[in-house]
Amino acid sequence: KAVVLATGGGGHLFTNTTNPSQSAGEGVSLAWKAGALIQDLEFIQFHPTSLNIEEADSFLISEAMRGFGAILRNADGEAFMEQYDDRKELAPRDIVARAIDDQLKKRGDKSVFLDVTHLDADEVKAHFPNIYEKCLSFGLDITQKWIPVVPAAHYVCGGIETDYDGRTSIEQLFACGETACTGVHGANRLASNSLLEALFFADKAVKKAAELIADLEFNENVPEWDESGTLNNSEWVLISHNREELKRVMWDYVGIVRSDLRLERALRRQTFLYEEVEDFYSRTRVTVPLCELRNLISIAYLIILSAMKRKESCGLHYNVDYEEHARGFNP
Ligand SMILES: Cc1cc2nc3c(=O)[nH]c(=O)nc-3n(C[C@H](O)[C@H](O)[C@H](O)COP(=O)(O)OP(=O)(O)OC[C@H]3O[C@@H](n4cnc5c(N)ncnc54)[C@H](O)[C@@H]3O)c2cc1C
């Protein structure tokens, strides 16, 4: 009768992410395939400091640590933030993430480090008990040693275009939470603002959808899925290979710092993956991982296209070919 999409963010389009494993941007892809308008997908927030220990799946090191006096250092111990912004560690997320990205690319390192060893150990433990315990579980005592961190995809500001009642451009299709784009985050979301879309607008969307239910007919003549003529492929591993490849492409070419050339490269590789996976899909029994992969490839396409269309650096979309424009940008 009425459908509400609430599938969350899309961090798993990128190699490094803070998001849970289900965050694959599928709502956006489904809505787009149904013909809904999609907005602002080029604005993806990267959190500067995600723990870079292999076993530590998507663990975020809170910004409060930098507020408390933590210093960002490269592998040589250099406190590098002053090269990038007068506010140093307290600069906004996008600036700190870009500074770290620059250090990693210039130096070829795998991590930068967050240093709290100069702070009072008892206060560090008292203020950040979860981070302290988590790191200790990997054998890292943060009061003694630096914390290895990297930026990671954190929040998708864009998504399915909705009005303030969660209505999309398709009748009876609603969206809320991170998959929706009400526009409240603009081009650069402030930290801790997701409750606006996840609670406030979600509440409005559900109430609006519920109003419709009494008056709508439900279509019960949906045919059973027909999988005749498809194969039970013995090459399912190709799905995970394609997925890893897509994440790598998005991380390398559509990540924190973009350029026209990188975006063109990304589009060529995405097109290749699209063709390969569509061919696989047309011959193969449908599975959840295969559907997820198709959706990931679609949303990757939309992000790349949105980024290519924006001929300026603005908020979370940073393209080195348009730096001058960024400085002149006046929101
Ligand atoms: C580590 C971390 C820390 C954060 N800290 C803060 C903070 O301090 N303050 C703040 O405001 N925000 C924070 N955020 C952002 C905030 O948590 C998210 O934006 C918010 O939870 C999104 O809510 P949601 O309901 O839209 O999606 P989710 O909470 O992600 O829920 C989406 C649901 O949809 C399901 N789903 C996904 N795809 C499908 C599918 N194809 N079919 C069926 N089900 C599907 C998922 O399994 C999941 O249950 C943080 C995010 C992370 C990752």
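Read-outs: derived from the displayed coordinates by stated rules, not from any lab. Remember, predicted model here, so these are calculated numbers, not experimental data. Heads up, the Cβs are rebuilt from the backbone with ideal geometry, glycines too, and the neighbour counts pull from every protein chain shown.
Miscellaneous remarks
- Choice from 260, 85, 120 showing the highest fluctuation, given a GNM over the chain with Cα pairs closer than 10 Å: 120
- Pairs exceeding 26 Å between alpha-carbon atoms, taken from 204/247; 1/247; 207/309; 106/247: 204/247; 1/247; 207/309.
- Simple point charges give the picture: +1 on the Cβ of Lys and Arg, -1 on the Cβ of Asp and Glu, and for region 225-331 a dipole about the Cα centre of about 300 debye.
- DSSP-loop chymotrypsin sites (Phe, Trp or Tyr not before Pro) across region 182-233, with at most 11 other Cβ within 10 angstrom: 218, 225
- 222 nm mean residue ellipticity, helices alone, for the chain (DSSP H n ≥ 4; -39,500 (n - 2.57); rounded to 500): -12000 deg cm²/dmol
- Straight-distance crosslink candidates among lysines, where the alpha carbon sits under 17 Å from residue 134 and sequence neighbours closer than 8 are dropped: 125, 145
- Fraction of antiparallel bridges per DSSP, region 50-149 only, in percent to nearest 5: 100
- Each Lys and Arg contributes +1 and each Asp and Glu -1, all at the Cβ; summed about the Cα centre of region 50-149, the dipole is approximately 200 debye.
- Ranked 291, 176, 314, criterion: other C-beta atoms within 10 Å, fewest first: 291, 314, 176
- Cβ-based charge dipole, region 237-328, positive-most Cα from 291, 246, 302: 291
- Using a Gaussian network model of the chain in which every pair of alpha carbons under 10 angstrom is joined by a spring, one finds that among 108, 315, 255 the greatest mean-square fluctuation is at 108.
- q = 0.06, 0.07, 0.11, 0.13 Å⁻¹: log10 I(q)/I(0) that the Debye formula gives for the chain, counting C-alpha atoms only: -0.24, -0.33, -0.78, -1.04
- In loop segments of region 157-187 as defined by DSSP, the GluC sites (Glu not before Pro) with at most 12 further C-beta atoms inside 10 Å of their C-beta are 171.
- Considering only 257, 50, 270, the residue lying farthest towards the positive end of the dipole of the chain is 257, judged by Cα position with unit charges set on Cβ.
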